[in-house]
Amino acid sequence: MKKRRLMALSLAAVMALTTACSVQTRDSAQGTQAGGSGQAAAGNTSTAAGSADLTLLFMSSNEEAGNVVRDQLSKAGFNVKLNMQPDYSSYKSQIEAGNYDIQISGWTTVTGNPDYAVRALFITGGDSNDQPLSDPKVDELINKAATETPEDYVATYAELEKYMVEEQAYIIPLFQNTKSQGVYTKKVDPDSVRISKSRSMVWETIDFSDGSDPETETLITQQSGSAITSLDPIKGNDGTMNMLSTNMYVRLVNLTDDDQVVADGSLSYNYSIAEGNSDYYFILRDDINFARVEDGHAVDSGVKVAGEDVIFSLNRAKNKDSVPNHQTYSLHEHIADVQMVTDMAELEGTTVSGSDMTIREALENGLAAPIATLVDNKDSVDNAAGAYQVIKVTTTEPFPQVLNYLAHQSAGIVDSVVVEEVNSTYDVATYDVSKDICYGDQSTITEGSSYNNTLSCSGPYVAIKKNDYEITFERNPAYMPGTDNYPHIKNISVKFIADADSALSALRSGEIHVLYSVPEKSYDIVENDANLRLQTLPSNGVSYIRFNLLDGAQTTDATLRKAVSAAINQDELLAVFDGTRFPLYSTLSPMVDTGNTFTYTAGKSQELLNEYLSSKQ
């Protein structure tokens, strides 16, 4: 590892000497941040022959990549101004203001399926499409691939990404990331800590290694952001709340650590896809109740998590107007209908896709008691006596990837009664953030006068309270008791530590027990510490460049975008990261092997830049 790092540093030094400008320090980069209006930054044009001005936006966590990209662009003849922001919130503010020409962006396909890697980002109106990109051909190919099986969609996705990366240069691939975790083995059994390609950290499996009492001792982990978007699973899709929401709300299905869709640890005993790939059946378990907070502790509400709540949750998930600032609706727009099945004849008369087996036979597989009756209300459910609820999700068209979306945190099952009650105090159309309180607002669990914890959680943990330093959780006492899925540790604290080096120091001293995301530069430190274990695997997380496509921005010009793209030498970039990053072609690369590769040709960027500049004279 050390030899590879020395070689990478040597290469970086050579790059710095041969580029048009030297690598800036963090302070100097911050000193050149863009200011003014969006049009001022986006409207930069060449003022000197043979060059063009570009503002490059990125977060400080991407400073190393930002400097390499800056140097490569400078070498190609661009004048690059850096706009480095300290955190995600300020970075997003710069995007919304249009204060950039190009931005280094990150994306993790947390559902493990290729549709998620493109739909929200690039389809017209997608909830993460803030370039904003609108291209009928992109929309057509995304929607076509969504209806296809893996055997067919590889070709469609190959065409899509080639069109986006080469023909139009809407994005520039940089690298695929490594996912990493650090475990303090003096306190925590590292074999109990899962690391998943897509799914966020799973808390319920974690156990102590030092004989600590899991009923009284607290497991301590960490995240960088203290400002949480929301604890309503559909109102956010970012690093401030993904891990929290994943552990607070159960879903109809889950992902394994290698992205296979399973019923294990979910609200379903089994699921099945009907012939035609448009109807999806789920048989629900009856051993989960909602956890609520009373007198500062998690309590069993006595209210079963059931089919009524599934229908309510998925209908609001797919409805853009169900809540203010809905951030995940596009993930669920293929859901046409969600209903309870009460006719046994439907299960017996419908076959599993590609099989002669009936849906009833598939759903009954492995059940302790076969289906004796189907019920449509939670009060009548009694699995031991054979009384079950079965949910059918129908999609707008054949769409097998819907299962991956149902495993996403935004498909978490909420308490229909509590959520309706809390959200009945305001109107979505006239929502006022300064006075209206939504279900899951962080203010409701923040210590002080605003504290009014109305959370009702279906998952293994419920958030108790939050301050500037941490957010605390307690185990849901009614989450699959008596099974392997019942959470081992009762109390969990998530510390807010923004600085990566400080977080690593806290792990090494035992102040925190699990560090979610270890900086690559610190892998050697963790590997050589007898009290720590480093867990890594190639992730679904990628870094890539996006362009400002707002009206009036200079980067709406395809020739200029291609000139920028042609300046990026991915091999040089990967060498700097000491084998911890991997080649990339698009956001699809971790899921689909299309055979496309991103190549660098010396001199091509300058040719395209000259073509662009000539067109502006």
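Please report, in debye to the nearest 20, how large the charge dipole of region 215-307 is about its Cα centre when each Lys and Arg carries +1 at its beta carbon and each Asp and Glu carries -1 there. Intermediate values should be presented prior to the final figure.
Numbers: 5 positive and 15 negative charges, 63 e Å.
Charge dipole, region 215-307, about its Cα centre: 300 debye, nearest 20.
Would you please give the residues with an amide H less than 5 Å from that of M59, counting only those at least 5 places away or on a separate chain, with H modeled from the backbone geometry?
Sorted by chain and number, the residues that satisfy this are Q85.
Could you give the nm distance between label points at S380 and D300, where each point is 7 Å from its Cα heading toward the beta carbon?
For S380 paired with D300, the spin-label model returns 2.5 nm.
Checking the a/c ratio against 1.5 first, then a/b against b/c, what shape does the Cα gyration tensor give for region 50-196? Can you show the working numbers first?
Details: a/c = 1.93, a/b = 1.05, b/c = 1.83.
Oblate.
List the aspartates and glutamates whose Cα sits under 14 Å from the Cα of K235, skipping any in the same chain fewer than 8 residues away.
Correct list for K235: D127, D321, D441.
Please get the size of the charge dipole for the chain, origin at its Cα centre, with Cβ charges of +1 on Lys and Arg and -1 on Asp and Glu, quoted in debye to the nearest 20. Before the final figure, lay out each step's value.
Numbers: 45 positive and 84 negative charges, 454 e Å.
Taking the Cα centre of the chain as origin, the dipole is about 2180 debye.
I need the phi-derived Karplus couplings for region 303-315: 6.51 cos²θ - 1.76 cosθ + 1.60, θ = phi - 60°, integer Hz, Gly and Pro marked x.
Per-residue couplings from phi come out as 9, 5, 7, 9, x, 4, 6, 4, 4, 4, 5, 6, 5 Hz.
Compute, for E572, the solvent-accessible surface of its heavy atoms (probe 1.4 Å) with the complete set of protein chains present, and express it in square angstrom to the nearest 10.
So the heavy atoms of E572 present about 50 Å² to solvent.
Counting each DSSP H run of 4 or more residues in the chain as -39500 (n - 2.57), what helix-only mean residue ellipticity at 222 nm follows after dividing by all residues, to the nearest 500 deg cm²/dmol? Don't skip to the answer; put the middle values down first.
Details: 19 runs with 166 residues, N = 617.
Computed mean residue ellipticity for the chain: -7500 deg cm²/dmol.
For region 240-253, just list the computed ³J(HN,Hα) in residue order, Karplus coefficients 6.51, -1.76 and 1.60, θ = phi - 60°, integers in Hz, with x standing in for Gly and Pro.
6, 9, 4, 5, 5, 5, 4, 9, 9, 9, 6, 10, 5, 9
Students sometimes get this wrong: rank F582, F577 by accessible area, probe 1.4 Å, all chains present, largest first. List each step's numbers first, then the result.
Numbers: F582 65, F577 15 Å².
From most exposed to least exposed: F582, F577.
Would you mind getting me the FRET efficiency between D207 and N610? Use the beta-carbon distance for r and R0 = 45 Å, nearest 0.05. Spell out each step's value before the answer.
Details: r = 62 Å, r/R0 = 1.39.
It comes to 0.10.
Would you please give the residues with an amide H less than 5 Å from that of I288, counting only those at least 5 places away or on a separate chain, with H modeled from the backbone geometry?
Excluding prolines and chain starts, which carry no amide H, the hits are V305, M480.
Please turn the phi angles of region 149-162 into ³J(HN,Hα) values with the Karplus equation 6.51 cos²θ - 1.76 cosθ + 1.60 (θ = phi - 60°), one per residue in order, whole Hz, x for glycine and proline.
7, x, 5, 9, 6, 4, 5, 5, 5, 4, 5, 4, 6, 5
When the accessible area of the chain is split by element with a 1.4 Å probe, what percent falls to carbon and sulfur? If you can, show how the numbers build up before the last one.
On the way: 11250 of 23940 Å².
Reported share for carbon and sulfur atoms: 47 percent.
Using Cα centres only, tell me the gap between region 331-354 and region 537-605 in whole Å.
Answer, in whole Å: 41.
Residues with amide H under 5 Å of L584's amide H, sequence separation 5 or more or different chain, H placed in the peptide plane at 1.01 Å from N; which?
Q176
The values are calculated or read from the model by the stated rules, or taken from the named source; none is laboratory data. Everything numeric in this text was worked out from a predicted model, so none of it was measured. Positions of Cβ are generated from backbone atoms using ideal geometry, with glycine treated the same way; all protein chains shown enter the neighbour counts. For accessibility, only protein heavy atoms count, side chains too; no ligands or nucleic acids. Shrake-Rupley method; radii C 1.70, N 1.55, O 1.52, S 1.80 Å.
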